[in-house]
1. Relative contact order for segment 134-241: what percent, with Cα pairs under 8 Å and sequence separation of 6 or more?
2. Listed highest first by mean packing, meaning other Cβ atoms within 10 Å per residue, what order do 91-99, 151-159 come in?
3. Structure shown: which of 53/127; 141/180; 141/176; 53/130; 53/141 lie over 28 Å apart, alpha-carbon to alpha-carbon?
4. Among the trypsin sites (Lys or Arg not before Pro) within segment 26-134, which fall in a DSSP loop and have no more than 14 other Cβ atoms within 10 Å of their own Cβ?
5. Between residue 43 and residue 87, what's the calculated FRET efficiency when r is the beta-carbon distance and R0 is 22 Å? Round to 0.05.
6. Helix 53-64 against the longest principal axis of the chain: what's the angle in degrees, Cα atoms only, rounded to the nearest 10?
7. Helix 169-179 versus the longest principal axis of the chain: what angle, 0 to 90°, nearest 10, using Cα atoms?
8. I need the per residue convex hull volume for the chain, using only the alpha carbons, in cubic angstrom as a whole number.
Amino acid sequence: MLPSRTQGACLRLPACLAADHRQTRAVNVLVTAGPTREPIDPVRFLSNRSSGKMGYELAAAFQHAGHTVLLVSGPTALDVPDGVDFLPVETAAEMHEAVSHHITRMDIAAFAAAVADYTPAAVAAEKIKKSAGTLTLELVKTPDILGSAREEMKFTGTLVGFAAETENLLAHARGKLVRKGCDLIIANDISQPGIGFDSNHNEVTLVYPDHDAPLPRASKHDLAHQLVQAILEIHLSRTAC
Ligand code: C5P
């Protein structure tokens, strides 16, 4: 006699089939991307060379795989990928507030933004005038958005960070993985020519809690699809029934 459909199908399936079944379920994904802009006065700001390309490709790849994506982005010159919800921000503080507000309903959060580490202590109300000699700006730390996801924001989903380093890439990436409670760090050696900031190509190493996995150089578009697969595999193993 065949088992009835109500007899605990999930427990009876081999693990691999259960995983395939779960993989088709759409999940909610938050992606941060782009640089932040920290205002100095009404016409000037501090920022960095992030183009936002890797984060936008990642958001598009998650959407293409059938998932619901919210892209929280600093200013970029890129088009918002079709079918992706978009929340534009300027400063690190605004990105922190947007992420805090939305992260609790997310299954996966991937932080590809190049968030400014420091912001001016005060924003001048008027354009700062040129004067003789030097100008000293006082800077204060911005909130560490990725670093506050676990304790402050109580995020229990799959957490992925990026690390862009010019030296000791893997050691720094592993330090971040542990300190910030991540499941994966995507480590990017920005000292190499032709990849990383503003390039259409990238070469990364996936840093997991127990091993590293280098990926071959690829376009950010192709790489994004590989990253989505790797992140979904982690998510499936964290949530396996
Ligand atoms: O700047 P850092 O190399 O430490 O960035 C590592 C990771 O932390 C990246 O995923 C970045 O998006 C995230 N980050 C953040 N908030 C910051 C600084 C970095 O979310 N204030």
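Just so it is clear, none of the values below were taken in a lab; they were calculated from the coordinates. The structure presented is a predicted model; accordingly, all values stated were derived computationally and were not measured. Every residue, glycine as well, gets a Cβ built from its backbone with ideal geometry; the counts of neighbours run over all protein chains shown.
1. 20
2. The peptides rank, most packed first, as 91-99, 151-159.
3. 53/127; 53/130
4. Of the trypsin sites (Lys or Arg not before Pro), the ones in loops of segment 26-134 whose Cβ has at most 14 other Cβ atoms within 10 Å are 49, 127, 129, 130.
5. Details: r = 25 Å, r/R0 = 1.14.
The formula returns an efficiency of 0.30 here.
6. 30
7. Between the helix axis and the principal axis of the chain, the angle is about 70 degrees.
8. On the way: hull volume 36.9 nm³, N = 241.
In the chain, the Cα hull volume divided by residue count equals 153 Å³.
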